[in-house]
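S.K.: Sharing a structure here in structure tokens format.
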Amino acid sequence: MSDSLECTLLPQSHSDNPDPSLGWVEAVHPVLVFLYRDIRSTNSLTDQHLGTLLGVLGLAVVEETLDLLDNGFPVTYYVTPQGQGLYHVPSHRGRHFYTLLPRTGLCSCEAFTKTMTSGDSQQICKHLLLVYLQSALRKITTQFITLSQYLNFLMNEWVI
Ligand SMILES: [Zn+2]
């Protein structure tokens with residue numbers, strides 16, 4: 001695990017302040033911030049953690065995320081020297097990747113776009129939840145890219 005991922009997800013902030021890059025998690029449910037810290041500090045995902053996730057998010061998204069977790073496809077965090085970062089999360093069959101922006105909690109998948117446009121306040125998809133869990137479990141690989149490569153990743157996903 002590199003220092004840069006650490007900085008992105010848990011910047012040097014006062015311990016009584018919520019992590020700003022976890023703002024999207026807190027917007028879904030504040031208990032997810034505490035859960036993240038607990039999983040991270042114990043480096044394990046227990047039945048109790050899963051029970052909390054099920055209670056907050058419901059069965060469907062948790063089940064789909066655990067499927068992705070079991071698949072073992074790697075989640076990669078790409079970061080520029082200037083500190084802009086994004087995640088690539090494999091699709092269910094591992095044939096292509098979705099792009100996630102960590103600070104805003106945006107995912108390029110269809111399910112996420114649907115919840116955005118339907119005004120659903122629980123804006124979370126299995127890819128966001130996978131990044132959340134993989135990050136808490138310190139399993140994300142970091143790769144350094146140039147600013148130009150970063151912009152290309154964004155262009156490929158969001159610019160028509
Ligand atoms: Zn998604």
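The values are calculated or read from the model by the stated rules, or taken from the named source; none is laboratory data. Quantities reported herein were computed from a predicted structural model and do not represent experimental measurements. A quick note on method: Cβ atoms are made from the backbone with ideal geometry, for glycine too, and the neighbour counts reach across all protein chains shown.
S.K.: Restricting attention to the range 80-119, which residues are exposed (fewer than 15 other Cβ atoms within 10 Å of the Cβ), free of Cβ contacts under 8 Å to residues at least 60 places away in the same chain, more than 9 Å from the ligand (Cβ to nearest atom) and not hydroxyl-bearing (Ser, Thr, Tyr)?
M.R.: 92, 93, 94, 95, 96, 114, 116, 119, listed by residue number.
S.K.: For residues in the range 124-141 being near the ligand (Cβ under 10 Å from one of its atoms) and of a type outside the set (A, V, I, L, M, F, W, C), which is nearest to residue 75 (Cα to Cα)?
M.R.: Looking at the filtered set, the residue picked out is 127.
S.K.: Right, here's the next one. Residues to consider are 71, 156, 152; find the one that is more than 19 Å from residue 27 (Cβ to Cβ), surrounded by fewer than 17 Cβ atoms within 10 Å (Cβ to Cβ) and modelled with pLDDT of 90 or more.
M.R.: 152
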